[in-house]
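Structure record follows, encoded as structure tokens.
Rule-based calculations on the coordinates, nothing more; no lab input. Everything quoted here is computed from the prediction, not taken from an experiment. Quick reminder, even Gly has a Cβ in these numbers, built from the backbone with ideal geometry, and neighbours come from all protein chains shown.
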Amino acid sequence: MALAIAHSRGLDGLNAPPVIVEAHLASGLPSFTLVGLPDTEVKEARDRVRAAIINSGFEFPSKRITVNLAPADLPKESGRFDLPIALGILAASGQIPTPPLADYEFAGELSLSGELRPIRGALAMALQTGDAGKSFILPVESAREAALTGSTHILAARSLLDVCAHLADRETLPPANATVGPKNWPKSADLAEVRGQTQAKRALEIAAAGQHSLLMVGPPGSGKSMLAARLPGIMPHLQGEAAKASAAVLSLVGQFSPEAFGVRPYRQPHHTASAVALVGGGNPPRPGEVSLAHQGILFLDELPEFDRKVLETLREPLESGRIHIARAARHAEFPAEFQLIAAMNPCPCGFHGHGNNKCRCTPDQIARYRGKLSGPFIDRIDLIIEVPALPSDTLAGKADGESSATVRTRVEAAQARQQARQQKPNARLSTKEVDACCQPDATGNKLLQQATAQLDLSARAWHRILKVARTIADLAGSDHIGASHVAEAIQYRRFARG
């Protein structure tokens, strides 16, 4: 048969639209043409496919070969189309049976020897392959990743020859399985190692329980980065759809390992990161750090050292939990439900308000330094705390704080209350849900009104105080928000007015 059709998947953001690979053999001078908006990586498949077919023991047709990747208006990128292109050519030349191709979808990069190499985005593609009712054949490493979807139609192959033997009913490809569990999860640093900083630990627990954003302000060496690194240890691991969503985004950039399935991402970009690196972009659009931290933690150390325009790009995803990347020819949307944890010094030298005569910054320098953080950006942070320098006797003493396991027990109980009440963390409540779930008693409401007038709080700050108060009540096991819960939530915004 001179025409054969194989099925594959492209990537458009997190979507994986179907791609039909049509291979046609015609008489004429030998040539190999790829059409269908392929990029450079796909065009280079001609040489990889030719060598892989020959080194696998097949004959490369001396025909005029045309391969079409449809739909033509969808840009095609990466080497994932090597395998379906090779199978289409072999089927069109009659070297493998054509009918079985209709029951499968294929993706995989070919080496010159015919071995299959892993590809990016296998998990994102597998999430949509099951809806088509076809089995999905992938390289072994990618198949283990795709098997995390729970599909029983993921088959693992090591080479082009293995796939051809399966299609010819000579051998059967094994179904892929991914073995994950607590024994594979990396251990997080223990909160008990942090000396002192009782208020900071309390704020960290509240942030974990409600998935609130947190800004820590303090001099160098006060333990801000140390506290942030211990946040994953007091939060429960991801489960179900949240774990799949996080893994799918990491899979798009080839940074996901099946052994880490369920572990919350912890991203810590350097302060020289560009806006594209932080929120995503490029051609084709790729996810940035805010999306790679989806369902996890984004830690920004030395916050004012980031370019102000870069920080302003965080305002939309902090509110909506999504990032929409618009370019002249392409649009893409990525999830970005991350928990922002940030740290900064109080002034350029770092010692303002800490120690006698240590700070040499002028008031104007301090104002410019803090002015790098705009009011609208600060307004979107739920908790702002001061992390003071530790006295020498605290440093010399033994660590006597609670362990991460003990704190995690309280965090899990608070999150269970939130799931039973509204099926989402308190930080993600809408205005309507805040009115329904976060109303304090009369004393608490009066206290909040007084604080709003004295601190000149915005409407957004008002709602964020209520969300934090709701989390504090959940940690206390209370169904009602009292004045003590509101008072504690208010004190976590006082520094924002300074």
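Data table
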read-out	value
Peptides 144-155, 89-100, 422-433 ordered by average Cβ neighbours within 10 Å, highest first	144-155, 89-100, 422-433
Of all DSSP beta bridges in the chain, antiparallel share, percent nearest 5	50
Calculated FRET value between D364 and E259, using beta carbons and R₀ = 56 Å, to 0.05	0.60
Dimensionless Rg ratio for segment 3-167, taking C-alpha atoms and the 2.2 N^0.38 Å reference	0.94
For Cα extents along the principal axes in Å, calculated from these coordinates, the label among [x] 86, 47, 45; [y] 121, 53, 44; [z] 82, 63, 53	[x]
Nearby aspartates and glutamates by direct alpha-carbon distance to K309 (threshold 20 angstrom, same-chain neighbours under 8 apart not counted)	E289, D301, E319, D379
Charge dipole magnitude, Cβ of K and R +1, D and E -1 - the chain, Cα centre, debye nearest 20	1060
Protection proxy ranking of 468-479, 61-72 - average other beta-carbon atoms within 10 Å, highest first	468-479, 61-72
Reachable aspartates and glutamates from K43, criterion Cα separation under 20 angstrom, eight or more residues apart if same chain	D12, E22, D73, E77, D82, E109, E115
Sites T172 and T452 - FRET efficiency at Förster radius 56 Å, r taken between beta-carbons, to 0.05	0.25
Unsatisfied cross-links (Cα-Cα over 29 Å) in the set K134/K187; K201/K358; K76/K372; K372/K467; K63/K134	K134/K187; K76/K372; K63/K134
Theoretical FRET efficiency, 1/(1+(r/R0)^6), r = Cβ-Cβ of E59 and A405, R0 35 Å, to 0.05	0.05
Solution diffusion estimate, µm²/s, Stokes-Einstein, segment 156-277, Kirkwood Rh from C-alpha pairs, 10 °C, viscosity 1.306 mPa s	88
Protection-proxy order for peptides 78-87, 335-344, each taking the mean of Cβ atoms within 10 Å per residue, highest first	78-87, 335-344
Stokes-Einstein D for segment 15-64, Kirkwood Rh over Cα pairs, 10 °C, 1.306 mPa s (µm²/s)	126
